[in-house]
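The values are calculated or read from the model by the stated rules, or taken from the named source; none is laboratory data. None of the values given here were measured: they were computed from a predicted structure. Methodologically, a virtual Cβ is constructed for each residue, glycine included, from the backbone with ideal geometry; neighbour enumeration extends over all protein chains shown. To get the accessible areas, we keep the full protein, side chains included, count just its heavy atoms, and leave off ligands, DNA and RNA. Shrake-Rupley method; radii C 1.70, N 1.55, O 1.52, S 1.80 Å.
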Amino acid sequence: MAAGTTVHHYCMNYSCSAPSLGPRMKRGRFNIQLNNPSLSTPERAVKRRRSGASGFHWHEPHLPDSVEDWGNLPHHVVLQIFQYLSLVDRARASSVCRRWNDVFHIPDLWRRFEFELNQPATSYLKSTHPDLIQQIIKRHAQHLQYVSFKVDSCTESAEAACDILSQLVNCTIKTLGLISTARPSFMNVSQSHFVSALTVVFVNSKSLSSIKIDDTPVDDPSLKVLVANNSDTLKLLKMSSCPHVSPAGILCVADQCHGLRELALNYHLLSDELLLALSSEKHVHLEHLRIDVVSENPGQTQFHTIKKSSWDALIRHSPKVNIVMYFFLYEEEFEPFFCEETPVTHLYFGRAVSKEMLGRIGLNCPRLVELVVCANGVEPLDEELIRIAERCKSLTAIGLGECEVTCTGFIEFVKRCGGRLSQLSIMEEVLIPDNSYNPEQIHNEVSKYLGRMWFPDMMPTW
């Protein structure tokens, strides 16, 4: 199809410029024609040329007739290609030929779809195909099951996502994800607009099993609507950095959604009551609990303490649960944490953490599996690491960034962990030479205890 040609047979009745697939693209067909009689004589197939008296003979090689018809690719091949395309590219490709247009409307294509809404795509849809999304939803809403919206930092993109959400009335969505690729643009959308759009999905789907709504203005009333319509099917809920949700709101979800297996939230939503609700006899075993502990301004956030008895109840009910905690705190804000035994399995410290805190971890985190410390200070962490190696018998991965450990202390740590360390990521400058080892010698000793070749990292790998 020549560029700019309108596809009259397209049921959505919009025109689009076809991508250039070759010099002879016409109605979706790419022709390679050789030995064409109209262009050459029959003798051209094997043509002999003489060059003066040299007797040199040149034979043009014989190439069989070949025609590649892009429009006749099998449906399943085109379908596989379309699944990797964005909405805009799918629309463009669908106007290449009738067969590609047919694939555009196959229900399997729309069961799993990511609406990637950035400024260029949003502007293109508004100016070129303002009704495209509405027409797609009208025809394929009942097919959409796994839907995500990926937006950039532009508020206009987040608003476009909300507009689409509000149209998902006749749908059976099972998975919904709202993803901000840059700063959380959903937080800049009017809360009433966002909640209204999200409520449409919560009310109409009635089979939601997985929801990822981090960094959004979702609130308690909308969570109650979610519970009222999807309590029997909800298995995963990720809602970190949702400032309009209260501990009572997330407790309502835990009380009613007994099939919930994975939960991600901020620490201010965590409570003893929530852990006890997740530990009730009616509730399935929790598999994954992620807790983000974040402070933007030092000293302005007060962090509460969770009782050991509440943690114990959760572990008795779900002994295999992974409890993941991400810390972005300042050193003076760690006081409420790990004073008693805490069943955390994965710990990540995004800011500096004190020697005292790492010492507590060695004493009170016996279930620890993975530890990442991005920064500490100028005091060696030998004693703290050795204690962690001795008491955290499940530790299999550790990463150290801007910290200090003597070479001897580090080798002692590795020796006590043995071959159970599947991942050991240590920055080269972390290791301090001493009387026994220098950084050039240390890799041989560490490799011996790990049972595999090991070298320190030149840059963080976590």
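For this structure, a couple of remarks:
- In the stretch 331-357, the residues that are open to solvent by 30 Å² or more (accessible area, probe 1.4 Å), in a loop (DSSP other than H, G, I, E, B) and under 20 Å from Leu265 (Cα atoms): Pro336
- Within the stretch 254-272, considering residues that are open to solvent by 40 Å² or more (accessible area, probe 1.4 Å) and acidic (Asp, Glu), the one farthest from Ile213 (Cα to Cα): Asp255
- A count restricted to the stretch 293-323 and to residues that are on the phi < 0 side of the Ramachandran plot and open to solvent by 20 Å² or more (accessible area, probe 1.4 Å) stands at 20.
- Checking each residue of the stretch 218-231 against the condition of being in contact with a strand residue (DSSP E or B) (Cβ under 8 Å, 6 or more places away or on another chain), on the phi < 0 side of the Ramachandran plot and part of a loop (DSSP other than H, G, I, E, B) gives no match.
- Residue satisfying condition, being hydrophobic (A, V, I, L, M, F, W, C), over 15 Å from Val245 (Cα atoms) and crowded, with 21+ Cβ neighbours inside 10 Å, within set Leu198, Leu208, Leu168: Leu208
- Qualifying residue in the stretch 257-272 (condition: at pLDDT 95 or above and aromatic (Phe, Trp, Tyr)): yes
- Any hit, the stretch 273-281, residues being surrounded by fewer than 16 Cβ atoms within 10 Å (Cβ to Cβ) and polar (S, T, N, Q): yes
- Scanning the stretch 254-287 for residues that are within 20 Å of Asp232 (Cα to Cα) and aliphatic (A, V, I, L, M) turns up Ala254, Leu260, Leu263, Ala264, Leu274, Leu275, Leu276, Ala277, Leu278, Val284, Leu286.
- Restricting attention to the stretch 424-451, the residues that are farther than 18 Å from Ala389 by Cα, crowded, with 17+ Cβ neighbours inside 10 Å and among the charged types (D, E, K, R) total 0.
- Restricting the stretch 232-253 to residues that are in a helix (DSSP H, G or I) and aliphatic (A, V, I, L, M), the residue that is most open to solvent (accessible area, probe 1.4 Å): Ala248
- Test: residue in the stretch 303-316 that is part of a loop (DSSP other than H, G, I, E, B) and touching a strand residue (DSSP E or B) at 6+ places or on another chain (Cβ under 8 Å): yes
- Verdict on Ser148 being within 23 Å of Cys171 (Cα to Cα), at pLDDT 75 or above and of a type in the set (S, T, N, Q): yes
- Some residue of the stretch 284-291 being part of a strand (DSSP E or B), at pLDDT 95 or above and open to solvent by less than 10 Å² (accessible area, probe 1.4 Å): yes
- Filter result for His258 (in a loop (DSSP other than H, G, I, E, B) and under 25 Å from the mean Cα position of the chain (by Cα)): no
- Summed over the stretch 364-383, the residues that are open to solvent by 20 Å² or more (accessible area, probe 1.4 Å) and either among the charged types (D, E, K, R) or modelled with pLDDT of 95 or more (or both) give a count of 8.
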